[in-house]
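Chemist: Got a structure for you, written out below as structure tokens; questions coming shortly.
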Amino acid sequence: MHPMTFERFLSRDARNFRPSAIRAFAKLINDPNIISFAGGVPNPETFPADLIAEIAGRVIRERRAVALQYGPTRGLPRLCDSIAGICRGRGFDCSADDVLTTTGSQQALDLIAHTLLDPGDVVLVELPTYIGGSSSFFARSATLAGVAQDDEGIVPESLAEVAASLVIEDDPYGELVYVDGADTTAMKSRDVDGRVIYLGSFSKVLAPGLRCGWIVAPRPLLERIEIAKQAADLCSGMLDQSIVDEICAAGELPSQIAKVRAFYRGKRGVLIDALERHFAGRAHWTAADGGLFTFLTLNADIDTGERVKDAVARGVAYIPGGPFFVDGSGRNTMRLTFAKEDDDRIREGVERLGAVFPE
Ligand SMILES: Cc1ncc(COP(=O)(O)O)c(C=O)c1O
């Protein structure tokens with residue numbers, strides 16, 4: 001059958017699928033000749049590989065009836081308990097019964113979209129927003145509208161509608177903060193009437209290959225999402241969960257988080273210093289007090305998408321910011337990660353980038 005023949009069989013939602021606008025950059029990210037600020041992934045050096053290997057071997061040999069078996073849709077009970085403890089540490093009340101584990105927080109976004117959205121429903125997202133989240137909402141034929149944010153998050157005045165909505169707090173970087181004394185309490189801690197759905201993930205503090213995330217939501221809603229998850233995959237990977245469960249139960253998480261923070265804190269400082277040196281007066285950028293990225297906005301009205309080739313020719317790569325803005329703005333922005341390169345390459349890369357945008 002000719003491939004085009006399938007078009008007429010596609011569902012309405014499938015017709016609205018949008019491929020990730022940044023996947024196209026994968027090649028650049030992995031070319032060793034190019035200094036890349038374009039990646040979106042954690043640095044493998046932060047993965048506790050020996051610990052994971054030791055635990056994986058042990059649970060496979062000694063707990064095969066759990067680690068290699070189907071498991072509860074909600075997740076391993078002891079892991080749900082540990083996750084509830086993490087959430088209490090983020091400032092809100094939580095017990096194991098409030099938790100549903102997911103295959104990364106990406107699945108959480110997809111399940112929530114499946115459970116809450118009808119075609120044409122409007123979803124308000126931050127500008128810029130996480131592209132994987134937009135993809136999940138577009139895939140349910142939703143309409144996305146942007147709301148402004150500043151260094152503190154959403155600008156409240158731009159969000160009058162939230163008064164009547166359910167808020168999704170997608171917080172995979174909650175533990176990745178680089179400023180001493182920063183307030184890391186979740187927005188959910190101020191949720192007085194149960195309208196915030198909180199999403200967490202072990203991807204950035206352990207390893208994204210473990211695909212272990214979670215949802216905390218009001219219980220009646222969580223029960224619905226659980227049914228959506230049963231239909232999606234029955235349960236998340238039990239080997240992954242067993243490994244994460246052992247790490248949590250052994251009390252290894254806080255020291256791992258401290259190591260990961262220290263690793264990125266230095267790189268983030270190097271990137272911000274280099275931006276000061278090569279872009280001061282020509283651009284401004286987010287402080288990157290947490291997470292893996294800064295968003296840089298050029299003062300000049302330049303479409304950064306049009307200079308990617310130029311940058312690659314000079315041996316440096318970035319992600320143009322436009323695709324992160326669902327309202328079509330942000331063309332003079334770019335996303336830069338400090339996660340991948342070593343300090344010298346970060347400095348060299350920013351110098352090259354400065355030459356790409358001399359205005
Ligand atoms: C803001 C945000 N949300 C969710 C995810 C998905 O992460 P995971 O599915 O690995 O938990 C990512 C991944 O980069 C992200 O940046």
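The values are calculated or read from the model by the stated rules, or taken from the named source; none is laboratory data. Being a predicted model, the structure only gives us computed values, none of them experimental. Don't worry about glycine lacking a Cβ; one is built from the backbone with ideal geometry, like all the others, and counts go over all protein chains shown. SASA here: full protein model, heavy atoms, side chains in, ligands and nucleic acids out. Shrake-Rupley method; radii C 1.70, N 1.55, O 1.52, S 1.80 Å.
Chemist: Report Rg(Cα)/(2.2 N^0.38 Å) for region 79-126, keeping two decimals.
Modeler: 1.41
Chemist: On to the next question. Mind telling me which of 345, 12, 74 comes out most flexible in a GNM of the chain, alpha-carbon contacts under 10 Å?
Modeler: So, out of 345, 12, 74, the one fluctuating most is 12.
Chemist: Which whole-number percent is the relative contact order of the chain (Cα, under 8 Å, 6+ apart)? Please report the intermediate quantities before stating the final value.
Modeler: Values: 599 pairs, mean separation 88.3, N = 359.
About 25 percent, as a whole number.
Chemist: Next question. At a Förster radius of 51 Å, what calculated FRET efficiency corresponds to the Cβ-Cβ distance of residue 10 and residue 343, to the nearest 0.05?
Modeler: 0.60
Chemist: Same structure, new question: 222 nm [θ] for the chain, helices only, -39500 (n - 2.57) per DSSP H run of 4+, per residue, to 500?
Modeler: -11500 deg cm²/dmol
Chemist: Leaving ligands, DNA and RNA out of it, rank 285, 214 by accessible area with a 1.4 Å probe, largest first. Intermediate values should be presented prior to the final figure.
Modeler: Values: 285 50, 214 10 Å².
My answer, sorted largest first, is 285, 214.
Chemist: Another question, then. So how far, in whole Å, is the C-alpha centre of region 16-78 from the one of region 271-305?
Modeler: A separation of 29 Å, based on Cα centres.
Chemist: Same structure again: Can you pull the Rg over Rh of region 194-256, Cα-only, Kirkwood?
Modeler: 1.01
Chemist: What is the calculated FRET efficiency for residue 303 to residue 31, with r their C-beta to C-beta distance and R₀ = 25 Å, to the nearest 0.05?
Modeler: Once rounded, the FRET efficiency stands at 0.60.
Chemist: Return the sequence-ordered ³J(HN,Hα) values of region 210-220 in whole Hz as given by the Karplus equation 6.51 cos²θ - 1.76 cosθ + 1.60 applied to θ = phi - 60°, using x for Gly and Pro.
Modeler: Taking θ as phi minus 60°, the curve returns 6, 6, 10, x, 7, 10, 10, 8, x, 4, x Hz for region 210-220.
Chemist: Can you check what the net charge comes to around residue 298, using other residues whose Cβ is under 9 Å from the Cβ of residue 298 (Lys, Arg +1; Asp, Glu -1)?
Modeler: That sum, taken over residues with Cβ under 9 Å, equals -1.
Chemist: Quick one: Karplus J couplings for region 239-246, per residue in order, coefficients 6.51, -1.76, 1.60, θ = phi - 60°, nearest Hz, x for Gly and Pro?
Modeler: 5, 4, 5, 4, 5, 5, 4, 5
Chemist: Taking θ as phi - 60°, what are the ³J(HN,Hα) couplings along region 265-278 by the Karplus curve (6.51, -1.76, 1.60), each to the nearest whole Hz, with x for Gly and Pro?
Modeler: Per-residue couplings from phi come out as 4, x, 5, 4, x, 5, 5, 5, 4, 5, 5, 4, 5, 9 Hz.
Chemist: Which one of 81, 98, 310 has the biggest mean-square fluctuation once the chain is modelled by GNM with Cα springs under 10 Å?
Modeler: Most flexible of the set in this elastic network: 310.
Chemist: Here's something else I'd like to know. Which percentage, to the nearest 5, of the DSSP beta bridges contained in the chain is antiparallel? Could the numbers behind the result be given before it?
Modeler: Details: 21 of 33 bridges.
Taking every DSSP beta bridge within the chain, about 65 percent pair in antiparallel fashion.
Chemist: What number, in nm² with one decimal, is the all-direction average of the projected area of the convex hull of the alpha-carbon atoms of region 235-325?
Modeler: Hull-based average projected area comes out at 9.2 nm².
Chemist: Which three extents, in angstrom, do the Cα atoms of the chain have along their principal axes, listed largest first?
Modeler: Ordered largest first, the chain gives principal extents of 59, 53, 49 Å.
Chemist: What Cys residues in the chain have no fellow cysteine's beta-carbon under 4.7 angstrom?
Modeler: 80, 212, 235, 248
Chemist: Calculate how large, on average over all directions, the projected area of the Cα convex hull of region 1-137 is; give the answer in nm² to one decimal.
Modeler: 14.3
Chemist: Residue 204: which lysines have alpha carbons under 29 Å from its alpha carbon, excluding same-chain residues fewer than 8 sequence positions away?
Modeler: 27, 188, 229, 259, 267, 340
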